[in-house]
Amino acid sequence: MELEIQRVVKRFGGIQALNGISLRISGNELVGLIGPNGSGKTTLVNTIGGVYQPDSGKILLNGRSIGNLQANNVVRYGVGRTFQVPRAFRRMTVMENMLVPALALYPERGRKVWEKRAREVLDFLTMDHLRNDYARSLSGGQQKLLELGQILMTEPELLMLDEPFAGVHPRLMETIFEYITTVHAQGKAFLIISHDMNSIFTLSQRLVVLSYGDIIADGPPEVVKHDEGVIKAYLGDEAEDA
Ligand code: ADP
Ligand code: MG
C-alpha cells in the first residue's frame with residue numbers, strides 16, 4: 001500500500017482548512033494524526049476518503065489518482081474509514097449493518113459467505129451475541145466497534161479512524177486498542193486521529209501534527225513530543241479554551 005498526498009488544498013468559503021499538505025504513508029505504517037481543534041485533521045481524512053474533493057493537489061493510492069473519486073469508490077480502492085460520529089443504520093440489526101458494505105462491494109461472493117465472515121469479525125470484536133440487536137440499541141462505544149467491524153468487511157489496505165477512543169467505556173477502549181494492534185499486525189496501514197494522547201503515543205510508530213492546515217511535525221512520537229512548535233501549538237489551543 002502506498003498513499004501519496006501531494007500539495008493538497010481544501011477550502012470552505014473563506015477558510016483554508018488544508019494549506020497544501022504533502023504526506024506519504026506506505027507499507028503497513030501506523031500513523032497517528034494529532035493537532036489542536038480545527039487544525040484540519042477530519043478534513044484531511046475526508047479529503048482522502050472522497051467525502052470532499054481537493055481544490056488543488058493530488059492524492060495517489062498505489063500510483064493511481066483517487067482525488068476525484070466519490071467516497072464509495074475510494075472504499076473500493078482499499079481505503080476504509082470510521083467517522084467521528086458513528087453512522088450505523090439505526091433501524092437495521094448489527095448483522096445487517098455488517099452485510100451492507102460487503103454486499104454492496106462484492107455481491108458475487110454471496111450472503112452466506114459474508115454472514116460467516118461477519119460472525120468471525122463480530123466475534124473478534126466481542127459483539128457476536130449482539131448480532132440480532134438493532135444498531136440503535138447499542139452504546140456509543142459499541143457503535144464505534146460496529147463501524148470498525150464494517151470497514152473490515154470491505155477488506156481495506158488502509159484504515160482511517162477518526163477519534164476511535166472518544167467517549168468510549170474503558171473496557172471497550174481495550175477492545176479497540178486490540179483491534180488496531182491485531183489488524184495492523186496482519187499488514188494493514190492505519191491513519192488514526194486521536195485526542196487520547198496516551199493511546200496515540202503508545203500505538204503510533206509515527207506522529208503527524210497539524211496546525212492551521214499545515215503539517216508542523218512528522219516523526220517518531222518520542223521526537224514529536226519534545227518539538228517546540230508542537231508544544232506551542234497545543235499551549236495556544238489551551239489558552240483559547242481557557
Ligand atoms: P479538526 O478535525 O482538526 O478538529 P476540521 O478538519 O474539522 O478540524 O476543521 C478544520 C477547519 O475547517 C475548521 O476551521 C473548520 O471550522 C473548517 N471546516 C471543516 N469542515 C467544514 C465544512 N464542512 N464547512 C465549513 N467549514 C468547515
Ligand atoms: Mg475532527
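For region 173-242, list the strands (runs of 3 or more DSSP E) that sit wholly inside it and hold at least 3 residues that are more than 25 Å from ILE5 (Cα to Cα) and of a type in the set (A, V, I, L, M, F, W, C); which are they?
Those strands (runs of 3 or more DSSP E) do not exist here; none qualify.
What number goes with the only condition from (1) assigned to a loop (DSSP other than H, G, I, E, B); (2) at pLDDT below 95; (3) open to solvent by 40 Å² or more (accessible area, probe 1.4 Å) that ASN72 does not pass?
So ASN72 meets the others, but not (1).
Residues in region 178-203 that are away from ligand 2 (no atom under 16 Å from the Cβ) and surrounded by fewer than 17 Cβ atoms within 10 Å (Cβ to Cβ): how many?
9
Among the residues of region 31-59, what is the count of those that are outside any loop (DSSP other than H, G, I, E, B), of a type in the set (Ser, Thr, Tyr) and within 11 Å of ligand 2 (Cβ to nearest atom)? Walk me through it before giving the result.
Filtering region 31-59 for residues outside any loop (DSSP other than H, G, I, E, B) gives 31-34, 41-48, 56-59.
Right, trim to of a type in the set (Ser, Thr, Tyr) and you get 42-43, 47, 56.
Imposing the further condition that a residue be within 11 Å of ligand 2 (Cβ to nearest atom) reduces the set to 42-43.
Matching residues across region 31-59 total 2.
If only one of THR42, THR82 is crowded, with 21+ Cβ neighbours inside 10 Å and of a type outside the set (A, V, I, L, M), which one is it?
After ruling out the rest, the residue left standing is THR82.
Collect the residues in region 85-101 that are at pLDDT below 90 and open to solvent by 50 Å² or more (accessible area, probe 1.4 Å), keeping them in residue-number order. Talk me through it step by step, then tell me what you get.
Going through region 85-101, the residues at pLDDT below 90 turn out to be 85-88.
Result: VAL85, ARG87.
The values are calculated or read from the model by the stated rules, or taken from the named source; none is laboratory data. Worth saying up front: this structure is predicted, and the values here are computed from it rather than measured. A quick note on method: Cβ atoms are made from the backbone with ideal geometry, for glycine too, and the neighbour counts reach across all protein chains shown. In case anyone asks, the SASA skips ligands and DNA or RNA and just uses the protein heavy atoms, side chains included. Shrake-Rupley method; radii C 1.70, N 1.55, O 1.52, S 1.80 Å.
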